[in-house]
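Encoded as structure tokens, the structure appears first; notes follow it.
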Amino acid sequence: MAHVLGLDIGSGYSKAVICEDKILRSFAVVPSGGDYKEAVRQVTETALGRANLSFNDIVRTVSTGYGSSMVDFADHIATDIACHALGVYHLFPSVRTVVDIGAQFSKAIRVDEAGRATNFLLNEKCAGGSGKFLQIIARILHITIDDIGALSLTATKPVEFTTACAVFAESEAVSRVAEGALPADILAGIHKAMASKIVNLVTRVGLMPDCAVTGGGAKDSGLVKTIESELASPVVVGDEPQITAALGAALIGAEQAATTGR
């Protein structure tokens with residue numbers, strides 16, 4: 001059985017997936033930090049260890065993501081759009097729209113019946129619609145990023161933010177804290193501001209059900225629920241929403257290995 005390695009080297013996190021003939025065998029997620037090559041080494045070794053494999057067992061490696069060029073042993077570099085589309089399609093064949101909320105960018109992707117990306121849009125160069133915005137707000141509120149989702153769902157009076165720009169919203173959030181607004185209400189307001197930007201992308205690319213949310217932002221239950229409400233359409237989230245692009249890369253590798261013999 002052929003083992004392939006898919007690597008998604010993002011600005012915030014690096015992800016590795018090992019597949020055996022298109023069957024997921026192991027995965028790993030580590031912070032990318034300031035050294036992409038070290039992140040590549042760590043995430044690869046972790047995924048290999050969990051699969052009880054050595055690098056010599058890997059017949060093909062495909063990389064994608066912001067730091068894909070740092071994978072100097074990759075046999076192929078694929079676009080993250082194609083990888084997200086294929087990875088989500090593999091998990092949810094009925095999905096036709098993908099919303100990926102990464103650390104730096106958010107994307108809306110249309111997917112066809114074969115798992116190919118047919119159209120996509122990225123948010124503008126602003127953290128307002130990305131996971132970076134959540135990290136900024138978590139720092140202001142002195143909470144962990146993992147606590148945001150559950151806390152936001154307890155909101156009773158969501159704060160209305162007058163801007164969706166991360167820079168101005170950060171200043172506005174500080175002001176709301178000083179005014180005595182509860183963290184849950186601030187987070188609910190932030191989620192609404194983010195969801196507005198994300199839904200705008202989806203509307204422009206053309207929403208077609210089913211819709212899936214991926215990326216680190218998909219682990220924020222409050223944000224997902226807000227997006228679902230703004231779309232007025234249900235969304236699906238995988239058990240490990242951060243690894244879909246790495247999974248797609250591994251699946252591309254598996255197809256290439258089947259065609260070329262390596």
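Note on the stretch 183-217: residues that are in contact with a Gly (Cβ under 8 Å, 6 or more places away or on another chain) and within 27 Å of residue 112 (Cβ to Cβ) amount to 8.
Among the residues of the stretch 82-112, the one identified as modelled with pLDDT under 95 and surrounded by fewer than 21 Cβ atoms within 10 Å (Cβ to Cβ) is 104. Among the residues of the stretch 79-96, none qualifies, meaning not one is closer than 20 Å to residue 258 by Cβ, hydrophobic (A, V, I, L, M, F, W, C) and free of Cβ contacts under 8 Å to residues at least 60 places away in the same chain. Within the stretch 27-46, the set of residues being in a loop (DSSP other than H, G, I, E, B) and either touching a strand residue (DSSP E or B) at 6+ places or on another chain (Cβ under 7 Å) or acidic (Asp, Glu) (or both) comprises 32, 35. Residue 174 fulfils the conditions (1) more than 22 Å from the chain's Cα centre (by Cα); (2) surrounded by 18 or more Cβ atoms within 10 Å (Cβ to Cβ) except for a single criterion, (2).
Of a type outside the set (Lys, Arg), in contact with a helix residue (DSSP H, G or I) (Cβ under 9 Å, 6 or more places away or on another chain) and at pLDDT below 95: does that describe residue 127? For residue 127, the condition - of a type outside the set (Lys, Arg), in contact with a helix residue (DSSP H, G or I) (Cβ under 9 Å, 6 or more places away or on another chain) and at pLDDT below 95 - is met. Is the stretch 253-261 home to any residue that is closer than 18 Å to residue 86 by Cα, of a type in the set (S, T, N, Q) and surrounded by fewer than 23 Cβ atoms within 10 Å (Cβ to Cβ)? Yes, that holds for at least one residue.
Filtering the stretch 72-81 to residues that are surrounded by fewer than 24 Cβ atoms within 10 Å (Cβ to Cβ) and either more than 15 Å from the chain's Cα centre (by Cα) or not β-branched (Val, Ile, Thr) (or both) leaves 72, 73, 74, 75, 76, 77, 78. Across the stretch 47-67, the number of residues qualifying as assigned to a helix (DSSP H, G or I), within 24 Å of the chain's Cα centre (by Cα) and among the aromatic types (Phe, Trp, Tyr) comes to 0. Applying the criterion of being over 15 Å from the mean Cα position of the chain (by Cα) and of a type in the set (Lys, Arg) to the residues of the stretch 191-235, the residue that is surrounded by the fewest Cβ atoms within 10 Å (Cβ to Cβ) is 204. From the list 254, 193, the one residue that fits, being in contact (Cβ under 8 Å) with a residue 40 or more places away in the chain and outside the structural domain of residue 158 (by TED's automatic domain parsing), is 254. Regarding the stretch 60-71, can at least one residue be identified that is among the basic types (Lys, Arg), surrounded by fewer than 22 Cβ atoms within 10 Å (Cβ to Cβ), modelled with pLDDT of 95 or more and in the same structural domain as residue 260 (by TED's automatic domain parsing)? No, the conditions are met nowhere in the stretch 60-71.
So how many residues does the stretch 207-251 have that are in a helix (DSSP H, G or I) and either without any contact (Cβ under 8 Å) to a residue 24 or more places away in the chain or not polar (S, T, N, Q) (or both)?
21
Sub-6 Å Cβ pairs linking a first residue in the stretch 130-156 that is in contact (Cβ under 8 Å) with a residue 60 or more places away in the chain and assigned by TED's automatic domain parsing to the domain that holds residue 13 to a second residue that is surrounded by fewer than 23 Cβ atoms within 10 Å (Cβ to Cβ) and polar (S, T, N, Q), at least 6 apart or interchain, number zero.
The values are calculated or read from the model by the stated rules, or taken from the named source; none is laboratory data. Please read all numbers here as calculations on a predicted model, not as lab measurements. Glycine gets a Cβ as well: all are built from the backbone with ideal geometry, and neighbour counts include every protein chain shown.
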